[in-house]
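The values are calculated or read from the model by the stated rules, or taken from the named source; none is laboratory data. No experiment lies behind these values; they were computed from the predicted model shown. Note that we place each Cβ from the backbone using ideal geometry, even for glycine, and neighbour counts take in every protein chain shown. When the accessible area is computed, the model is the full protein with side chains, heavy atoms only, and any ligands, DNA or RNA have been set aside. Shrake-Rupley method; radii C 1.70, N 1.55, O 1.52, S 1.80 Å.
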Amino acid sequence: AVETYGYTYEELLGLTIFDIRNQDIREFTEKQLSQALKRGIKFRTYHYRKDGSRFQVDVRSVYGNNESKDAVISIIRDISDLEKLSKDAELFTVSLDILDDPFIVFNNDRKVTHWSKGAEKKFGFKKEEIIGRNINEIVPENKLEESEMLLRMVKSGKVFKNFETIRLNRYGEEINVSVSASPIYDADGIFAGLVGIYKDISHEKRLIKKINEHEERWSYALDGGSFGVWDWDVVNNKVFYSNLFRVMLGYNEEELDDSFDSWKAIAHPDDLPYILDKLDRHFHGEEYIVEHRMRCKDNSYKWLRSRGRVISWTEDGRPLRMMGTNEDISDRKVIEEELKNKYKQLEILKQEAEEANKAKSLFLANMSHEIRTPLNGILTTIQLLQLMNANNEQSKYIKMIKESGKSLLGIINDLLDISKIEAGTIMLNEEAFDLKEAISDIYNYLSVEANLKGLEIRYYLDQNIDFGIIGDKLRIQQILTNLVNNAVKFTDDGYVALRVKKVTDDGVFEKIEFVVEDSGIGIEDSFREKIFHSFYQGDLSPGKRYMGTGLGLAISWHLASLMKGDIQYRSSVGQGTTFLFTCEFRRSVNNVQKSKADNRIQTKENVNEKVILCVEDNIINQQIMEDILIRRGYKYISAYSGVEAIDILKNTEVDLILMDIQLPELNGFEATKIIRENEAEGEHVPVIAMTAYGMLKDRDKCMEAGMDEYITKPFDIERLYELIDCYLNIDV
């Protein structure tokens, strides 16, 4: 008591029980004392030392009756250390439940005595389900021997940390865990059990597995491919190379040290400034990808593609370490060089082809003039002969010559058209016209040609079509004429049909489908892919029955494409063919193009007063033109060249000029420009180009030179009369 309370023996004898208790609880203390005097009592309370400090005590009071008086004998035990241990144990238990990792305690018999909240969550067993059960409930069968070994180790007093193994949850699913364990001893120092911490490392295991897989893949890629890895210590100028980099260049480890200067020494001197500049740019934020050459051991050079990135920096922004790869691209560079050479060769061939194409176009343009000029004389002479009183036999031969001439003209026109298409010089004339009139011309042609062969004609025209449209009337008629002509040509018995119907109409554009159908010989499947190719015909034998150039469908298909249309067909051998030409047209406000003539109307009596100057360098054509114009009633003047024409105009008034293009000394374009320059204000003599050219945007050139209209040789006499009447304002 002296040691516990801090009083002397004499001081203790002078104290009451209330002095070592808190005076505030005197009444409670007297009550306890009364009970102790009667029957004894056991309780816990707090006592105070002499210095005022408080400590917890365990009191056991026993009533005793001696000869002098009644007395209570109390045994008082200081239990302050036990209280601390209890609080520590309680805090430890709470801590175990707060943490996510499972904490498990089991005794020497492997019976679970403590099961934390983390253990419940991870292994699935509730505390009330597992307490008292064997810890082997969560140990896989193949890990039982390992578990026994760990238990023996702990019993011997050892502590183990982060031992990786496998445990089971209540559903038998395996969990990768890291176990740390230490022994528990009783008051006598005898082993009483084990406390273990189980950390779930399943996620880490999966990550490690993925990392290992990636490392394995990269290892295979680097070892089996053409990549070399490098790691540059920028501060110390040391470079680590993977072995493959040295192998690429043929060096061994001793021959290529780790200094940055050694690396610079084998870089191609022409590439080194570029490489260093790219490195400096990378240090300031740009991507580092460089293709450069490195010298091999045998003094040859290999092309490498180097790619890298700074992975660590100093606090003030200077590079510390940079890593990257080198890829051998020598083979690719060889291929690129070969391709460059081939591209150069192709460019040369392309230029040669373009020059050849220009030469071909120029040749065809000149040939157009040279061929059409005499052909014009032939056809116009034939037309004049038809106007004479020829007997039946003469008329028959005249007709034969005319048909042969028309056939020859058709072939020439096809050749020139396909040449213009190939050269990209063909132009569409977008003007308002009456589609109904254009189709009527095609139908009239079909009627004549089909009747000559005794074929039935089927015709349908959708009256819902708005016939006032904008487009190239002549090109549309050319497409339809080609299709109709083929249908008649390849049909000996049966019918030829022409159907025109509206497909769609949005108020601005209307889509129209033209169908040409026949019951002829049909088209074999082997020709299907080539039917729209130039110069291609189904029958190419020397004795072929059907004549032609094989250009009609090719020209039609290209013209349809230029008009953003389409031509398709379906056919069966011996059962006929159907061609479908579909095109979209803009609707016109006025259905018929306005005439270029003004409102002045003259009568046929005025014809004899009109003077026409014909500028033509071909004597035969001059004679033919004189006959044509005089027969109409016009006065005729001729000029051999552009210079002669200008001289005539100085002293003679003319009402209209027919101007050839290809003339000696001064061509038609140049002569027309001079004529326009010499005209007085308000004066304008109509000039109609009359040329055998059929290419190179001739119409546009004529308009730019100041001409009013354009007609191509060979021409139809009636068409020429119409143009002259129009520009002279003659109503005949």
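Per-residue answers, yes or no, for (1) at pLDDT 90 or above; (2) closer than 18 Å to ASN444 by Cβ; (3) within 43 Å of the chain's Cα centre (by Cα); (4) open to solvent by less than 70 Å² (accessible area, probe 1.4 Å):
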| site | (1), (2), (3), (4) |
| --- | --- |
| ASP493 | yes, no, no, no |
| ALA497 | yes, yes, no, yes |
| ASP506 | no, no, yes, no |
| GLU529 | no, no, yes, no |
| PHE535 | no, no, yes, no |
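GLU510 falls short on exactly one of the conditions (1) at pLDDT below 90; (2) acidic (Asp, Glu); (3) crowded, with 19+ Cβ neighbours inside 10 Å, and that condition is (1).
Scanning region 265-277 for residues that are exposed (fewer than 13 other Cβ atoms within 10 Å of the Cβ) and small (Gly, Ala, Ser) returns a single hit, ALA265. Output the residues belonging to region 100-121 that are under 60 Å from the mean Cα position of the chain (by Cα), open to solvent by 20 Å² or more (accessible area, probe 1.4 Å) and without any contact (Cβ under 8 Å) to a residue 60 or more places away in the chain. Correct list: ASP100, LYS117, GLU120, LYS121. Got at least one residue in region 131-151 being surrounded by fewer than 11 Cβ atoms within 10 Å (Cβ to Cβ) and among the basic types (Lys, Arg)? No, region 131-151 contains no residue that is surrounded by fewer than 11 Cβ atoms within 10 Å (Cβ to Cβ) and among the basic types (Lys, Arg).
Apart from one condition, SER262 fits all of (1) open to solvent by less than 70 Å² (accessible area, probe 1.4 Å); (2) assigned to a helix (DSSP H, G or I); (3) modelled with pLDDT of 90 or more; the exception is (3).
Restricting attention to region 226-257, the residues that are open to solvent by less than 70 Å² (accessible area, probe 1.4 Å), assigned to a loop (DSSP other than H, G, I, E, B) and either at pLDDT 80 or above or of a type in the set (Phe, Trp, Tyr) (or both) add up to 6. Within region 124-144, can one find any residue that is among the basic types (Lys, Arg), without any contact (Cβ under 8 Å) to a residue 12 or more places away in the chain and outside any strand (DSSP E or B)? Yes.
Residues of region 301-322 being of a type outside the set (Lys, Arg), within 16 Å of SER242 (Cα to Cα) and under 33 Å from the mean Cα position of the chain (by Cα), which ones? LEU304, SER306, GLY308 - these are the residues of region 301-322 that are of a type outside the set (Lys, Arg), within 16 Å of SER242 (Cα to Cα) and under 33 Å from the mean Cα position of the chain (by Cα). Counting residues in region 466-475 that are over 29 Å from MET427 (Cα atoms), open to solvent by less than 60 Å² (accessible area, probe 1.4 Å) and not aliphatic (A, V, I, L, M) gives zero. Do we find a residue being modelled with pLDDT under 70, closer than 26 Å to VAL488 by Cβ, loosely packed, with under 14 Cβ neighbours inside 10 Å and charged (D, E, K, R) anywhere in region 380-403? Yes, the conditions are met somewhere in region 380-403. Checked against (1) open to solvent by less than 30 Å² (accessible area, probe 1.4 Å); (2) modelled with pLDDT under 90, VAL589 passes all but a single condition, namely (1).
Within the option set GLU137, GLU174, GLU141, being within 24 Å of LYS111 (Cβ to Cβ), under 49 Å from the mean Cα position of the chain (by Cα) and at pLDDT 85 or above holds for one residue only, GLU174. The number of residues in region 434-452 that are in a helix (DSSP H, G or I) and open to solvent by 30 Å² or more (accessible area, probe 1.4 Å) comes to 11.
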